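Single-structure report; data block below.
The values are calculated or read from the model by the stated rules, or taken from the named source; none is laboratory data. Just so it is clear, the model here is predicted, and its values are computed rather than measured. We place every Cβ from the backbone using ideal geometry, glycine too, and count neighbours over all the protein chains shown. Side chains included, ligands, DNA and RNA excluded: accessible areas come from the protein's heavy atoms. Shrake-Rupley method; radii C 1.70, N 1.55, O 1.52, S 1.80 Å.
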Amino acid sequence: MGIRENVRHLLSQLPDDVILLAATKSRSVDEIREAIDAGIRVIGENYVQEAAKKYEVLGKVVEWHLIGHLQRNKVKKAVRIFDVIETVDSEKIAAEINKRCSEINKIMPVMIEINSGKEPQKAGVYPEEALKLAEYIVSCKHLKLIGVMTMGPVVKNPEDIRPYFRLTHKIFEKLKREFPECEIKYLSMGMTDTWKIAVEEGANIVRIGTGIFGPRKTKHNML
Ligand SMILES: *Cc1c(COP(=O)(O)O)cnc(C)c1O
């Protein structure tokens, strides 16, 4: 199946209140355009440099989410491109986003990335650290906390990821209770092999790459 058919098929299976985010790392501008033509309204990029090149060509035609780890020296550029940063995982990076947004008078919607499998090599805060980071984000004038995101561990059987999605959903609900004044609305989890389980566990953003564009040709980004 082609990109168009994949997008149509996924949209027809997803509940109306779940956003289909196309994970576009390593995909060309033409491939992304095809996905947009088929109904994609939100794309997710992992690398600021790669996103910047595509953004020059595509512009604001879709909502741009950052779904990869953000380094401090890339924040200034990132805040000009992205509409949402899904991967805030430290006070340090939150502070830098806040500072760079204050310079351009922008309020950045952000999400907290949870390292739900507590894997030391992976990005994201450990579940027990989420509340503290949320308090910090809420104190930043140029940040708006809108949700949480998780990758979860790599599993052989998709069903094995369910406990990590469930845990992330619990954190999402807790943050909503703790910060009723914030509009914490989004729970971003689930990829090509796991999106059905994610939706069952309350996700309202699923991030799909391979399931839309086919297998990735290279492991790393194309730049
Ligand atoms: C690549 C990627 C995805 C999509 O993965 P697929 O298995 O290709 O659907 C989702 N989220 C993040 C953060 C990614 O880097």
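Quick test for you: out of 81, 36, 19, 3, pick the one residue that is touching a helix residue (DSSP H, G or I) at 6+ places or on another chain (Cβ under 7 Å) and farther than 23 Å from residue 215 by Cβ.
On the way: 36 fails: farther than 23 Å from residue 215 by Cβ; 19 fails: touching a helix residue (DSSP H, G or I) at 6+ places or on another chain (Cβ under 7 Å); 3 fails: farther than 23 Å from residue 215 by Cβ.
Within the list 81, 36, 19, 3, the selection yields 81.
Given the condition open to solvent by less than 10 Å² (accessible area, probe 1.4 Å), closer than 16 Å to residue 50 by Cα and touching a helix residue (DSSP H, G or I) at 6+ places or on another chain (Cβ under 8 Å), answer yes or no: does some residue in the stretch 91-101 qualify?
No, the stretch 91-101 has no match at all.
Considering the stretch 184-204 alone, what residues qualify as being closer than 17 Å to residue 130 by Cβ and within 11 Å of the ligand (Cβ to nearest atom)?
Across the stretch 184-204, the qualifying residues are 188, 189.
Look through 78, 22 and report the one residue that is in a strand (DSSP E or B) and surrounded by 16 or more Cβ atoms within 10 Å (Cβ to Cβ).
Residue meeting the stated conditions: 22.
Take the conditions within 13 Å of the ligand (Cβ to nearest atom), under 28 Å from residue 103 (Cα atoms) and either in contact with a helix residue (DSSP H, G or I) (Cβ under 6 Å, 6 or more places away or on another chain) or open to solvent by less than 30 Å² (accessible area, probe 1.4 Å) (or both) and apply them to residue 214. Does it pass? First the steps, then the outcome.
Working: within 13 Å of the ligand (Cβ to nearest atom): yes; under 28 Å from residue 103 (Cα atoms): no; either in contact with a helix residue (DSSP H, G or I) (Cβ under 6 Å, 6 or more places away or on another chain) or open to solvent by less than 30 Å² (accessible area, probe 1.4 Å) (or both): yes.
For residue 214, the condition - within 13 Å of the ligand (Cβ to nearest atom), under 28 Å from residue 103 (Cα atoms) and either in contact with a helix residue (DSSP H, G or I) (Cβ under 6 Å, 6 or more places away or on another chain) or open to solvent by less than 30 Å² (accessible area, probe 1.4 Å) (or both) - is not met.
Suppose we filter the stretch 52-68 for residues that are among the charged types (D, E, K, R) and touching an Asp or Glu at 6+ places or on another chain (Cβ under 6 Å); how many remain?
Qualifying residue count, the stretch 52-68: 1.
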